[in-house]
Amino acid sequence: MKFSKLALSSLLLIALVFFLVACNNSASTDQDSNDESDTSSDNGEQAEEGSEEEPVTIVYARGVDTTPGTDAVIKAFEEKFPHIKVEQREMPADTGQSHDQYVTLLSSQSSEIDVFNADVIWPAEFAQANYVLELDRFIERDGINMEDYFPGTVAAANFNGKQWAMPQYTDAGVFYYRTDIVDEPPATWDELIEMSNELKGEGGTEYGYLMQAAQYEGLITNAIEFIASYGGEVVDENNNVVVNSPETIKALEKMKEIVTSDFVPENILNFMEIETENAWIEGNAVFARNWPYMMSSSNDEERSEIVDNVEMARLPAGDEGTAAALGGWMTMINRYSEHPEAAWEFVKFISGPEGQKITAVEGGRAPTLSALYDDPEVQGVSSLFANPEFREVLQSAVPRPVSPIYPEVSDIMQIEISKVLTGDQTSEEAAKNMQEKIEAAMAE
Amino acid sequence: MNKRGGIEFYLFLIIFVFLVMFPFIWVFLTSIKPPREIFSSFSWFTSNPTLASYEAALTNRPLVRYMINSFVVSSLTTILALVFASFTAYAVTRLPIKGKGLILGLVLAASMFPQIAIISPMFSLVTGLGLRNSYMGLVIPYITISLPLAIWILATFFKKIPFELEESAKLDGASPFQTFRKIILPLAAPGIFTTGILVFIAAWNEYLFALTINSDDLWRTVPVGISMYQSQYSIPWGDISAATVIVTIPIVILVLFFQKRIVSGLTSGSVKE
Amino acid sequence: MKNKKSRSFQLSEKQLGYAMVIPSLILVIVVVLWPVAQSFYNSLFDYRLNDPSRSQLMLSATIDLERYVDNHFYIGGQLDSLADGAENEEDAEKVKEIQQDIENYHSEMISDEALKVKVEEIDELLANFTPVRDSELKYSKLDNEFAQEYQQALEAHAAALTKIAESSNNEQSAQQFQQTSDLLTSTASNILNSNFIGLDNYGKYMKDQRMWKAMGNTVFFTVISVAFELVLGLAIALLINRAFIGRGLIRATVLIPWAIPTAVAAMMWGFLYDGQSGIIAHYLEALNIIPESSWLLTTSDGGMFSIILADVWKTTPYMALLLLAGLQTIPQSLYEASSVDGANKFQQFWSITLPLLKSSILVALLFRTLDAFRVFDLIYVLTGGGPANATESISVYAYKTLFAQQNFGEGSVLSVIVFISVAIISLVYVKLIGSDLFEGRTK
């Protein structure tokens, strides 16, 4: 019996030792940024960069970046501000997944990260949840002119009259066409349908048109483009739900006509950006809708069958004109950051002309500062940035509804629109359901 | 039962294994194709196989580090979970304690709640303990979620061991703990090794907790690491296939090594009723 | 006669027994059951992180001191300047009355010593532009009645000021009045009512079509996939339990599907099912098993089929391993004896293997069912719940509500619903497994 007790306690002891060893293991990496005293946030004058400032480390979280852009911009920042060290934290590339990671982290009021990249659809939600710092005070103090930025990108980060994020790089839906098959892109959706029917099969293609119609966030960007091109809106500037309109119904009808036509792949309902890109660079289609990044993959000798045969244009127009959905990323500061002043310094740098130029040149990201498109170095990155049409697309890009409950709005729209495309309901029903459900969600 | 099968048996076996393995075989074949062939054809073999994907998989991300992390986390989880679970299972099946049903029920209740719903509290708990980005930060949750299964399986095993053996050990003057160690554990070896494999692989596979708790690249485990190969709009299939093949091999070796123990124990041991 | 000896033995065995159980119980309770209890509690509240008036669990009225102190700071000044700039005596009188009233409420509120200390502390923090981190400091409980009165008073005053603004012809002063009115409205919204709603959330979900659809999907998925896994798993277990050359290798290879992380396996299946370049979709179409290669991921039935196939592929090895371990405990002698009696393989299977394997089968089924009912990773990565929500499981729905929408009250309700369903299923299994496991050494 004595022996058994001994054995038992020794086993427990072993287990305990395991715990302790591992705890020690972690402690070293875990506390990187705690002890610095809170020199920051005293606001105002003393923010001038001085060499005697205490060194601080801030943590910058962002989605996976396969380009050298982020590293380069951090390096440039650290050279300019030697007392601030920037550590990177990678988040999943998937927008939804990284959103959920940030929610877990920020809702526990963790100060682990200081600065993070936010999708254009997050600012209102994160502002309302009190996760991020309002930047107006900083913007005013440092005299940053928000009018230098594309209006859509600023509007997307503005909620309740305050600015919650700085635009970092932008994205907008664009239209691709094969120059070896057509000379001129279609001007309207009807022309697109006509031309796709006619041209599919030519030049080794199988399909006329590619777009994103799976049930996910990308469906909303595609739908918004249709709706806006017919003059419809989901939520107006006074925060009223106005989605149930003849314009929306007409737009959804057109979208359905295209999705159910035989010039798109049969599995278009499973298409996201990745599927679009794969089919496109295989040379399978005449036209496609995607984000600007597909230009460089189209010209990638390693993978693409259609090098030098691709050009981009604005999306086809509806009754009201053409519209491109706004994408891209913002930079925000964690409300519970222990170094807001240093964090702001970093945000200011990467969203300013200097930082944006580096991310454009090294990472191929589209700047949000209109003036940068005149810079010859930026223009040299790709024909896209030199293309005046592209700047125009960005200038007029339409943001998705700015609402603190955007995820819920998006979820409702995804389901209702998806049901139209699968033929489970009519466009009228969808418009009515969206109206009712979004109104109910907002009223709750 | 010990007959050797004929040709038909082996033929059947080969077809069966092929079907089971097909997705994995396809992943392997994909991993040695050059990138532009991956989506363009259904042909099985590429004319110019390349190891470029393997090189990319190992250099683009610290895959070896992920494997070490996963290996340490899963091993610690397995050892500790087996210790805790075999204690509990032994006490519940062989010792005269009260509330056995309640204990087993409580333990089972722990695996009834959707794991996604305890991520937030778990995150706060681990943060509170200062265990973010460490091995223990994952081991503690993993042990806990694998305990129910481990305890229940071991309990069914311990239950099957004849009481006569224990009684005779007792008559020889062995203490209950000695009985447990010298009689029960060796006899239940197949159960323990089976449970070990199950717990190990479950810990190796876990994704959500690992993603949330260890956010620093140095501490990431294999499933999270592999998902990090993709960027916002592209999935590099070549790299991911290569990485999947690389991380699966050690598991296969491990199972090959341990599966011998699964079939020893009871059948080969001294127990014949 | 050996009574004495066995008694002391009993006692120490008992102690040992409890000592052996305690570590597991502590872990399970602290790490899992405590969060579960919290979720139950959360589910009784209208609790949303992205709504400042509901981002706390409040059993009684509460005040958001950070915002209140900030607003209150401006009220005095604004009202003063309103009184000075009022066009007529009547308005000035009214403004003074409002100011007095608000001051009365405010001093009544901070007559509570603890609250006063908090207010001062926050005042200081705000003056330094420091966000209030500590929620103990940020929120304070109020008496329900007082809170309601104060809130109503603020709202009434706001309405009065709006009225003055509307009737004024001087545009500038009208704007000032309106601004102050807005400030009062916003202050009123800093007083938060209790968001305890009891079982209302449950009532809502009982009538929620989407919940029932998700529940139906989950049940369908669980029943079909677990049934296939059991049959196939048992077959594989019997197969690899045989002695043949190379069985070690076979055992290891059939486990491969299970050793591929779900998150990776789901991505891999997405690639194999793809309507354009997916090899499995291509072959199934060629074999006429599915109507066309795009059927798999773009139709409701196809989506469900895809998920079940992927799950069966991935988890059958798990089932097989569990059953194989069970087979090992069946003594060889029983088969030998029955062979002598002239029983064939099939009879042996029915009369020996199955009955003796019963508890192993049930335990394996129990755990597989629990896991399948909570299925998340696979669906989330492979279909995201689409197309048109045909593959949304209840865990996926709960996850979307919890994290995408930050609605922790309703998300917890869905989790509790999963818990209850699973508990009922387990109860059935446990009854079937019977007293087998729970009995002590009584024969």
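Throughout, read-outs are computed from the coordinates displayed, never taken from laboratory work. Worth saying up front: this structure is predicted, and the values here are computed from it rather than measured. Cβ coordinates were reconstructed from backbone atoms using ideal geometry, including for glycine residues, and neighbour counts include every protein chain displayed.
Go ahead and run the numbers for FRET between C:PHE220 and C:TRP350, Cβ-Cβ distance against an R0 of 35 Å, rounding to 0.05. Provide the component values of the computation, followed by the final result.
On the way: r = 30 Å, r/R0 = 0.85.
Step by step, r from the Cβ atoms, then E = 0.70.
Based only on other Cβ atoms within 10 Å, what is the fewest-to-most ordering of B:VAL72, C:VAL363?
B:VAL72, C:VAL363
Could you list A:GLU301, A:GLU436, A:GLU247 so that the one with the fewest beta carbons within 10 Å of its beta carbon is first and the one with the most is last?
A:GLU301, A:GLU436, A:GLU247
So what is the calculated 222 nm ellipticity per residue for chain A, using -39500 (n - 2.57) for each DSSP H run with n of 4 or more, over all residues, to the nearest 500 deg cm²/dmol?
Mean residue ellipticity, 222 nm, calculated: -13500 deg cm²/dmol.
Can you tell me what share of the DSSP beta bridges in the protein assembly as shown is antiparallel? A percent to the nearest 5 is fine.
So the antiparallel bridges in the protein assembly as shown amount to around 70 percent.
Using only alpha carbons, build the gyration tensor for chain C and give me the equivalent ellipsoid semi-axes, biggest first, whole Å.
Gyration-tensor ellipsoid for chain C: 66, 32, 17 Å.
Taking K and R as +1 and D and E as -1, what net charge do the other residues with C-beta under 14 Å from the C-beta of A:GLU206 add up to?
Charge balance near A:GLU206 sits at -4.
Assuming 1.002 mPa s and 20 °C, estimate D for the range B:63-228 with Stokes-Einstein, Rh taken as the Kirkwood radius over Cα pairs, in µm²/s.
The Stokes-Einstein estimate is 125 µm²/s.
At what distance in nm do the modelled label points of C:LYS204 and B:MET21 sit from each other, each positioned 7 Å from its Cα along Cα→Cβ?
My value for the distance between the label points is 5.3 nm.
How big is the range B:88-130 on each of its three principal axes, counting only the C-alpha atoms and giving the largest first in Å?
In descending order, the Cα extents are 39, 23, 13 Å.
Report the convex hull volume per residue for chain A, counting only C-alpha atoms, in Å³.
It is 202 Å³ per residue.
Just to be sure I understand: if I project the alpha-carbon convex hull of the range C:62-192 onto a plane and average over all orientations, what area do I get in nm²?
For the range C:62-192, the mean projected area of the Cα convex hull comes to 7.8 nm².
What length, rounded to one decimal in nm, is gained on full extension from A:ILE139 through to A:ASN239, with 0.36 nm per residue of separation minus their alpha-carbon distance?
Gain on extension, A:ILE139 to A:ASN239, equals 33.4 nm.
Using the Cα gyration tensor of the range B:146-258, with a ≥ b ≥ c the square roots of its eigenvalues, what is the shape: rounded (a/c below 1.5), prolate (a/b larger than b/c) or oblate (neither)?
prolate
Roughly what % of DSSP beta bridges within chain A run antiparallel, to the nearest 5?
Close to 60 percent.
If R0 is 30 Å, what FRET efficiency do you get for C:ARG133 and A:GLU302 from their C-beta distance, rounded to 0.05?
0.05
Normalised by the number of residues in chain C, what is the relative contact order in percent for Cα pairs under 8 Å and 6+ residues apart? Don't jump to the answer; show the numbers that get you there.
Numbers: 471 pairs, mean separation 90.2, N = 443.
Answer for chain C is 20 percent.
Across peptide C:265-278, what mean number of C-beta atoms from other chains lies inside 10 Å of a residue's C-beta?
6
Can you sort A:GLU273, A:GLU198 by how many other beta carbons sit within 10 Å, fewest first?
A:GLU198, A:GLU273
Give a residue-ordered list of calculated ³J(HN,Hα) values for the range B:201-211 (Karplus: 6.51 cos²θ - 1.76 cosθ + 1.60, θ = phi - 60°; whole Hz; x for Gly, Pro).
Running phi through 6.51 cos²θ - 1.76 cosθ + 1.60 with θ = phi - 60° gives 5, 4, 5, 4, 7, 4, 10, 5, 5, 4, 4 Hz.
Considering every pair of different Cα atoms, what Kirkwood radius, in Å, is found for the range C:203-436?
Answer for the range C:203-436: a Kirkwood hydrodynamic radius of 19.7 Å.
Taking only Cα atoms and a 10 Å spring cutoff, compute GNM fluctuations for chain B and point out the largest among B:VAL245, B:VAL20, B:VAL73.
B:VAL20
Cut-off 15 Å, label point 7 angstrom out along Cα-to-Cβ of C:SER194: give me the residues of the range C:137-171 whose amide nitrogen falls inside.
Counting backbone N atoms under 15 Å from the label point, the list is C:141-149.
Arrange the peptides C:89-100, C:210-221, B:83-94 so that the one whose residues have, on average, the most other Cβ atoms within 10 Å appears first.
Put in order of decreasing packing, that is B:83-94, C:210-221, C:89-100.
So what's the back-of-envelope 222 nm ellipticity for chain B, counting only DSSP H runs of four-plus at -39500 (n - 2.57) apiece and dividing by all residues, rounded to 500?
For chain B, the value works out to -21500 deg cm²/dmol.
What share of Cα pairs, in percent, lie more than 48 angstrom apart in the protein assembly as shown?
Looking at the protein assembly as shown, the distances longer than 48 Å represent 36 percent of pairs.
Cross-link partners among lysines for C:LYS400, C-alpha distance below 25 Å, same-chain residues fewer than 8 apart left out?
Within the straight-line limit of under 25 Å, C:LYS400 reaches these lysines: A:LYS419, A:LYS432, A:LYS437, C:LYS204, C:LYS207, C:LYS213, C:LYS314.
Note the count of lysine pairs whose C-alpha atoms are less than 24 angstrom apart in the range C:62-192, limited to pairs 8 or more residues apart or on different chains.
Close lysine pairs found across the range C:62-192: 6.
Which lysines, on any chain, are close to B:LYS33 with Cα under 24 Å apart, when same-chain ones fewer than 8 places away are left out?
Straight-distance partners of B:LYS33: none at all.
Assuming R0 = 25 Å, can you tell me the calculated FRET efficiency for the pair C:GLN15 and B:ARG261, based on Cβ-Cβ distance, to the nearest 0.05? The partial results should precede the final answer.
Details: r = 32 Å, r/R0 = 1.27.
The pair C:GLN15/B:ARG261 has a calculated efficiency of 0.20.
Just to check, using Stokes-Einstein with a Kirkwood Rh over alpha carbon pairs, what's the diffusion coefficient of the range A:330-444 at 20 °C and 1.002 mPa s in µm²/s? Spell out each step's value before the answer.
Details: Rh = 17.8 Å.
Result for D is 121 µm²/s.
In sequence order, what are the phi-derived ³J(HN,Hα) couplings for the range B:235-249 according to the Karplus relation 6.51 cos²θ - 1.76 cosθ + 1.60 with θ = phi - 60°, rounded to whole Hz, with x for glycine and proline?
Values per residue, Gly and Pro as x: 10, x, 4, x, 4, 5, 4, 4, 4, 4, 5, 4, 7, 7, 4 Hz.
Would you pull out the residues with amide H under 5 Å of A:THR57's amide H, same chain only if 5 or more places away, H placed 1.01 Å from N?
A:LYS85
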